[in-house]
Amino acid sequence: KRLLSLSRCAESSAPCTHPALLSLVARERKKRFGDCFIAPGRRRERRAKELKSRLGILLHKPELAHRIGAASKLQLGSRQRDSSREVLEWRESFDQLLKSKNGVTAFHTFLKTEFSEENLDFWLACEDFKKTRSKTKLASKANRIFEEFVQSEAPREVNIDHETREITRKNLSGATSACFNEAQAKTRTLMEKDSYPRFLKSASYQDMTKQAASRGTSKRLHT
Ligand SMILES: *[C@@H]1O[C@H](CO)[C@@H](O)[C@H](O)[C@H]1NC(C)=O
């Protein structure tokens, strides 16, 4: 029976659903099809690539390219103005920084230099977690987040006290979307008190604000 389903799995392009057979099936597929076997996800990627290259040919038509170029230059002007304002808003409050996608990226890059990006990654994982609707997904995500960030000796353990960790552990059974609330809030406070002020003083953020400020002035001079 095992062999039969193995053979069915290997010939079908659908993802194999037998966890115990996954690696066997992969080996079998390789034996039968060599590197020619393309998993369904891969096939989608390839189709997207083809579409892109066809679009590329279209873009080589000169008048079309010209029109697209002009449009994107206009967009760039207003986008630059928006991004200058955004950069300057990040220093107003930690909340403003976290609300901005570019702000989160810049802060993440900074945290990496301090080797403490797991705090932000945990906070982001919790944000994603709270948006989860399906009950089963909620439970599996909760366990994954707990194992990666919360339990002691976790690979990317965040800095929270023993008591919060234990309550969070208990919260895992019958996980609700609020089950990391306190742990997430504590990590946020930690980042706000500790890393955020250093981020604002960092050379890279100082450079960004200088650039943003000068873009603001040069814009005003031109108008
Ligand atoms: C445990 O879950 C409840 C909601 O079910 C939540 O209010 C509480 O903050 C959670 N505890 C921790 C430590 O996050």
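What is segment 98-158 by shape, rounded, prolate or oblate, if you read a ≥ b ≥ c off the alpha carbon gyration tensor as root eigenvalues and call it rounded for a/c under 1.5, prolate for a/b larger than b/c, and oblate otherwise?
oblate
Over segment 98-223, average the accessible area per residue using a 1.4 Å probe and give it in Å², no decimals.
Accessible area per residue, segment 98-223: 61 Å².
Using 0.36 nm per residue, how much length does the chain from LYS131 to HIS108 gain when fully extended, once their Cα-Cα distance is taken away?
6.1 nm
If R₀ is 22 angstrom, what is the calculated FRET efficiency for the pair ARG91 and ASP194, using the beta carbon separation as r and rounding to 0.05?
It comes out at approximately 0.85.
What order, most packed first, do the peptides 79-85, 185-191 have when packing is the mean number of other Cβ atoms within 10 Å of each residue?
185-191, 79-85
The values are calculated or read from the model by the stated rules, or taken from the named source; none is laboratory data. Worth saying up front: this structure is predicted, and the values here are computed from it rather than measured. Don't worry about glycine lacking a Cβ; one is built from the backbone with ideal geometry, like all the others, and counts go over all protein chains shown. To get the accessible areas, we keep the full protein, side chains included, count just its heavy atoms, and leave off ligands, DNA and RNA. Shrake-Rupley method; radii C 1.70, N 1.55, O 1.52, S 1.80 Å.
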